[in-house]
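Asks: Take a look at the following structure, please.
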Amino acid sequence: MTNVTVKYLMVFSQITQKRKEVIPISEGMTLQDLIEVLYAKYGRKFKKVFGKDLGHRSALITINSEVKEISYILNPGDEILISHIVGGG
Amino acid sequence: MTFDYGGYAGKTLRVDLSKGKILKETQSKPRVEKYLGGRGADAKILFDELEPNINPLNSDNILCISTGPITGLLGPTTGRINVATKSPLTEIYGNSNAGSDWGSELKYAGYDNIIIKGKAPKPVYLCIDDEHVELKDAAHLWREGIFEATLALQEEQRGYDTKVAAIGPAAENGVLFCSIIFNLWDSAGRTGTGTVMASKNLKAITVSGSGELKVADPDRYLEIVRDGWLGILNDPGFLTGEHQALGTPICVNWGNAQGWLPTRNFRETTFEGADSISGEEFRDKYSTRSSPIPGGRACMSCPNRCKRFGRIESGKYAGTRGAIEFEGIAAFGSKCGVSDLEAVFHAYTLANDYGMDCVSCGNAIATFMELVEEGILEDVDKLGLKFGNADAMVEMVHRIANKQDKLGSLGALGAYKAALKIGKNAVDYTTSIKGMDTIACDPRVAKGFGLTYAISSRGSDHLRTHVVFEMIRMPPEIGKELFGSEKACDLMSYDGKVRMVLWHENLAAITDSIGSCRFMHGSYYAQYPVPELLGKLHNKKEVNSIKYHDWISAATGMKIDYKKLLDIGHRIVNIERALNTRFGIRRKDDMLPKKFSEPIKKGPRKGQSFPKEQLEKMLDEYYTNRGWDLKTGLIKKSELIKLDMKEVLDDLDKENLVK
Ligand code: SF4
């Protein structure tokens with residue numbers, strides 16, 4: 001078994017009560033599979049803030065700083081970051 | 001001349017500090033018709049009344065403080081105030097904008113704006129209490145920090161009902177980038193407006209107002225502001241609730257993830273310590289119940305409530321408390337390579353109490369750190385000035401504020417003037433444009449920000465446009481519709497960026513001139529026609545938006561449609577350019593510093609740069625749209641005629657400053 005690191009920004013870190021965690025992956029596991037794992041682990045609230053109804057402001061997932069398709073096959077050591085899209089400052 | 005527009009208080013206060021004279025004038029109708037108020041009106045006043053060649057710290061400099069027609073009214077964010085002067089930092093047009101409810105109070109007291117000239121023989125403060133306006137002795141407050149001065153003045157006046165704009169000891173010491181701080185927490189931070197106020201021996205302006213404001217068409221007005229409120233409350237960005245939870249520090253981790261977070265004086269664009277100085281860290285560790293305003297704070301009539309507060313309970317910096325913003329965190333944190341949030345928070349609070357601009361202060365320290373590491377500057381005061389040294393960073397804040405020893409005195413000049421004094425190739429290590437150092441977003445990654453920095457009328461600055469559009473994954477259709485390119489909303493694409501900058505710049509000029517907040521057209525796009533376009537895309541039947549043109553019309557009684565609104569924005573950009581041409585600004589000054597034409601050396605954005613040729617191409621397109629001469633950057637006569645700026649043309653023509 002190998003691992004990826006998932007980092008949670010913004011409200012995701014409040015729901016999960018952590019800012020990062022290491023998650024084991026199996027061979028061939030996709031980003032979609034990982035999201036399902038997280039839905040199951042963190043429940044309704046987590047799923048809600050993913051926010052499909054927020055359109056272009058729904059959750060943004062980057063893997064090693066790049067936006068990837070949902071069918072992307074995870075590699076050991078990948079760093080997955082989950083955030084909302086924001087601006088300001 | 002009578003003044004009968006709604007929304008405005010209707011009077012201007014003129015203060016001559018040298019003579020101790022205070023005059024109340026009827027508001028200028030032609031000026032507000034063409035420039036609305038706030039930033040636009042201030043630029044016109046400076047154009048008409050300021051002798052361009054003066055030393056900014058000479059008593060002849062003018063300090064303008066202005067509200068806009070919607071300041072203090074009911075509506076989606078109505079608390080912003082504009083300050084303008086000739087900047088001691090850049091020696092061109094200086095200007096800054098702050099929130100809070102100080103501006104509203106000024107209008108309730110009966111005044112839209114204040115024009116301050118001269119220099120008081122001894123420290124004074126200006127006390128405005130409805131129609132009673134007087135200069136009072138401030139000797140007892142001179143040398144006091146912002147917190148003490150503000151609280152003492154509130155005690156002397158009407159308690160919390162008195163709103164205070166104050167300067168701190170760093171301004172009195174002549175540090176060139178000092179702020180004016182409104183009601184403890186809101187700072188007109190950039191370009192050294194506080195230093196000018198101090199040079200006039202003016203410690204503070206207190207305001208207590210009990211009057212009322214009238215709008216031209218109350219029924220229509222209520223309809224319009226309801227539409228605007230709903231526009232914000234249904235904005236997808238607002239619905240995430242993130243700004244209310246984290247405030248602007250949300251941008252630390254976010255900017256780092258996007259690879260534009262300036263690190264070690266812009267050597268890199270991602271910071272390994274970002275998470276430890278992030279908004280999330282601040283929220284989790286320091287936003288405690290004992291922080292000054294635990295729930296956060298909003299400016300006048302704002303649903304966003306983006307001001308976050310915290311307190312350090314124990315350790316070396318125990319007792320540090322206050323608000324914190326992204327720009328300050330980046331300035332003292334990632335730019336200095338410091339990942340200790342307590343040190344960053346402490347430095348931030350110190351800078352505010354001394355009354356200094358956190359951005360310029362942090363940038364000066366970061367530049368010195370790099371110059372010491374490169375062997376160009378000697379660490380003569382033996383502070384251990386190198387990236388990552390939190391103690392040296394905090395010590396430098398004290399030293400700069402007090403102009404202590406060699407490095408403190410150098411730092412008080414700001415990064416650019418200090419680098420000129422240091423000589424060798426020190427300037428190549430600064431990120432200054434037109435004399436002002438760059439905020440916390442690397443333009444090699446965010447291309448629209450890059451063009452904005454180059455053309456901004458107050459020197460390197462993002463807020464002249466705030467093109468957050470390129471950061472928030474807007475659908476390509478929106479880019480196509482508004483800016484002619486599907487790629488316009490891609491962060492690193494150059495396509496459509498000039499049009500994107502022009503549109504944002506015109507609207508930002510309006511926002512700053514009416515007294516509203518930039519968040520509402522950048523960050524959130526609740527502003528017409530964006531919700532309408534998104535609604536069309538998603539087949540939504542009911543759409544709400546903020547419509548500045550209708551809002552201003554209902555408030556004032558002027559007749560302004562969307563096209564006229566954009567024309568006014570264009571005119572405001574041009575009056576600022578007219579002023580800047582007198583200060584010697586030409587095409588050569590609309591540039592990006594050497595650092596930004598060099599590729600990023602590591603991290604996910606490795607290899608990205610903003611090539612000079614690319615910028616020149618964009619400037620040609622930008623100038624053509626603005627009606628500026630491609631070679632010199634002077635405004636064309638035909639453009640000034642088109643914009644109904646004949647009186648400006650006549651003046652510039654006499655000075656040989658038009659094409
Ligand atoms: S968004 Fe923030 S800065 Fe803007 S008006 Fe609201 S509270 Fe003030």
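Only the coordinates and a few stated rules stand behind these numbers; no lab work does. Predicted model, so just to flag it, every value in this text is computed and none were measured. Please note: Cβ atoms are built from the backbone with ideal geometry, for glycine as well, and neighbour counts cover all protein chains shown.
Asks: Report the Cα centroid-to-centroid distance between the stretch B:558-609 and the stretch A:20-39 in angstrom, as an integer.
Replies: With the stretch B:558-609 and the stretch A:20-39 each reduced to a Cα centre, they are spaced 44 Å.
Asks: Which listed residue (B:Ile250, B:Cys178, B:Pro88) has the Cα farthest towards the positive end of the charge dipole for the protein assembly as shown, taking +1 on Lys and Arg C-beta and -1 on Asp and Glu C-beta about the Cα centre?
Replies: Towards the positive end, the residue furthest out is B:Pro88.
Asks: In nm, to one decimal, how far is the modelled label at B:Lys316 from the one at B:Glu532, with both set 7 Å along Cα→Cβ?
Replies: Result: 5.6 nm between the two label points.
Asks: Then there's this: What is the distance in Å between the Cα centroid of the stretch B:73-125 and that of the stretch B:392-433?
Replies: The distance from the Cα centre of the stretch B:73-125 to that of the stretch B:392-433 comes to 28 Å.
Asks: Here is a further query. Helix-only mean residue ellipticity at 222 nm, chain B, DSSP H runs n ≥ 4 weighted -39,500 (n - 2.57), per residue, nearest 500. What is it? Show your work: numbers first, answer last.
Replies: Working: 27 runs with 262 residues, N = 659.
Rounded to the nearest 500, it is -11500 deg cm²/dmol.
Asks: Then there's this: Run down the aspartates and glutamates and flag those whose C-alpha is under 14 Å from the C-alpha of B:Lys541, throwing out any fewer than 8 positions away in its chain.
Replies: Partners within reach: B:Glu532.
Asks: Which lysines, on any chain, are close to B:Lys122 with Cα under 16 Å apart, when same-chain ones fewer than 8 places away are left out?
Replies: Leaving aside lysines fewer than 8 places away in the same chain, those within reach of B:Lys122 are B:Lys19, B:Lys21, B:Lys136, B:Lys200, B:Lys203.
Asks: While we're looking at this one, here's another question. What are the ³J(HN,Hα) couplings of the stretch B:161-170, residue after residue, when phi is run through the Karplus curve with 6.51, -1.76, 1.60 and θ = phi - 60°? Round to Hz, x for glycine and proline.
Replies: Whole-Hz 3J(HN,Hα) from phi for the stretch B:161-170: 5, 8, 9, 10, 10, 9, 10, x, x, 5.
Asks: A further question on this structure: Dipole of the stretch B:11-208, Cα-centred, from +1 at each Lys and Arg C-beta and -1 at each Asp and Glu C-beta, to the nearest 20 debye? Walk me through the numbers on the way to the answer.
Replies: Working: 23 positive and 24 negative charges, 95 e Å.
Charge dipole of the stretch B:11-208: 460 debye, to the nearest 20.
Asks: Okay, next question. From the backbone phi of the stretch B:462-468, what are the Karplus-calculated ³J(HN,Hα) couplings (6.51 cos²θ - 1.76 cosθ + 1.60, θ = phi - 60°) in whole Hz, Gly and Pro given as x?
Replies: For the stretch B:462-468, the Karplus curve yields 9, 6, 5, 10, 6, 7, 5 Hz.
Asks: Give me the dipole magnitude in Debye, nearest 20, for the protein assembly as shown about the Cα centre, with unit charges on the beta carbon: positive for Lys and Arg, negative for Asp and Glu.
Replies: On the way: 99 positive and 96 negative charges, 110 e Å.
Computed about the Cα centre, the dipole is about 520 debye.
Asks: Now a separate question. Taking amide H positions as placed in the peptide plane 1.01 Å from N, state which residues far from B:Ser100 in sequence (5 or more) or on other chains have amide H under 5 Å from it.
Replies: B:Cys299, B:Met300
Asks: Next up: Starting at the first residue of the stretch B:42-52, write each ³J(HN,Hα) from the Karplus equation 6.51 cos²θ - 1.76 cosθ + 1.60 with θ = phi - 60°, in whole Hz, x for Gly and Pro.
Replies: 4, 5, 5, 4, 5, 4, 6, 10, 8, 6, x
Asks: Can you give the percent of C-alpha pairs in chain B whose distance is more than 44 Å? It would help to have the intermediate numbers written out before the result.
Replies: On the way: 27758 of 216811 pairs.
Tail of P(r) above 44 Å: 13 percent of Cα pairs.
Asks: For B:His140 paired with A:Glu69, estimate the spin-label separation in nm (one decimal), with each label point 7 Å from Cα along the Cα-to-Cβ line.
Replies: Placing both labels 7 Å along Cα→Cβ, they lie 7.4 nm apart.
Asks: Return the aspartates and glutamates within reach of B:Lys424: Cα separation strictly under 15 angstrom, same-chain partners fewer than 8 residues apart disregarded; answer none if there are no such residues.
Replies: Filter leaves B:Glu370, B:Glu373, B:Glu374, B:Glu378.
Asks: Could I ask something else about it? Could you tell me which of rounded, prolate or oblate describes the stretch B:162-301, using a ≥ b ≥ c as the square roots of the eigenvalues of the alpha-carbon gyration tensor, with rounded for a/c under 1.5 and, failing that, prolate when a/b is larger than b/c and oblate otherwise? Kindly include the intermediate steps, with their values, before the conclusion.
Replies: Numbers: a/c = 1.96, a/b = 1.09, b/c = 1.80.
In terms of gyration-tensor shape, oblate.
Asks: Measure up B:Lys44/B:Lys497; B:Lys119/B:Lys594; B:Lys44/B:Lys547; B:Lys119/B:Lys335 against 30 Å on the Cα-Cα distance and list the ones that go over. Walk me through the numbers before you get to the answer.
Replies: Values: B:Lys44/B:Lys497 28 Å; B:Lys119/B:Lys594 39 Å; B:Lys44/B:Lys547 25 Å; B:Lys119/B:Lys335 37 Å.
Table pairs above 30 Å Cα-Cα are B:Lys119/B:Lys594; B:Lys119/B:Lys335.
Asks: Same structure again: Over what distance in Å are the Cα centres of the stretch B:279-343 and the stretch B:623-659 separated?
Replies: Centre-to-centre (Cα) distance: 45 Å.
Asks: Right, another one. Which of B:Ile146, B:Ile312, B:Ile181, B:Ile232 has the fewest other C-beta atoms within 10 Å, and how do the rest follow up to the most?
Replies: Working: B:Ile146 28, B:Ile312 20, B:Ile181 31, B:Ile232 24.
Listing B:Ile146, B:Ile312, B:Ile181, B:Ile232 from fewest to most nearby Cβ atoms yields B:Ile312, B:Ile232, B:Ile146, B:Ile181.
Asks: Below 8 Å between Cα atoms, with a sequence gap of 6+, how large is the relative contact order for chain B in percent?
Replies: Over chain B, the number comes to 15 percent.
Asks: Given the pairs B:Lys29/B:Lys642; A:Lys47/B:Lys536; B:Lys117/B:Lys307, which span a C-alpha to C-alpha distance of over 29 angstrom in this model?
Replies: Too far apart for the 29 Å limit: B:Lys117/B:Lys307.
Asks: Under 1.5 on a/c is rounded, so check that first for the protein assembly as shown, then, if it is not, pick prolate when a/b is larger than b/c and oblate when it is not; a ≥ b ≥ c are the square roots of the alpha carbon gyration tensor eigenvalues.
Replies: Here the protein assembly as shown falls in the rounded category.
Asks: If you don't mind, another one. If you rank B:Trp102, B:Trp503 by fewest surrounding Cβ atoms within 10 Å, what's the result? Kindly include the intermediate steps, with their values, before the conclusion.
Replies: Numbers: B:Trp102 29, B:Trp503 18.
Arranged by neighbour count, lowest to highest, B:Trp102, B:Trp503 become B:Trp503, B:Trp102.
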